[in-house]
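Scroll down for the structure; my scribbles are underneath it.
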Amino acid sequence: MQKKDINEVLKEANSSGITAQRTFGAQDRPRGRKPKNEDEKANQRVCLYLTKDEYAKLESISQQKFLGMSAQSLAKQALLKFISEQSQG
């Protein structure tokens, strides 16, 4: 059996294309989710200040009537629904 130099083995593998087929082929495909357009990104904030009683009521409603939704999620959904209704007419 003839011994080969590692550089010769690597050169042979690179010339045959076998390394590109097995190791680097997946890198040609894009990975992950397609990035959103700038106008689709949700990066505007609204801050609401509630008293402890108001927040407790909001939290209670969200837990009882909206299947354990967080108070923040309920407030966001209510605000978005109001905006949607106002924009429709």
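A few remarks follow.
- Accessible surface of residue 58, taken over heavy atoms with a 1.4 Å probe and every protein chain present, rounds to 40 Å².
- Members of 36/76; 41/81; 41/65; 34/76; 52/76; 36/57 lying beyond 28 Å, as alpha-carbon distances in this model show: 41/65; 36/57
The values are calculated or read from the model by the stated rules, or taken from the named source; none is laboratory data. These numbers come from a predicted model, not from an experiment. Remember, those area values only see protein heavy atoms, side chains included, never the ligands or the DNA or RNA. Shrake-Rupley method; radii C 1.70, N 1.55, O 1.52, S 1.80 Å.
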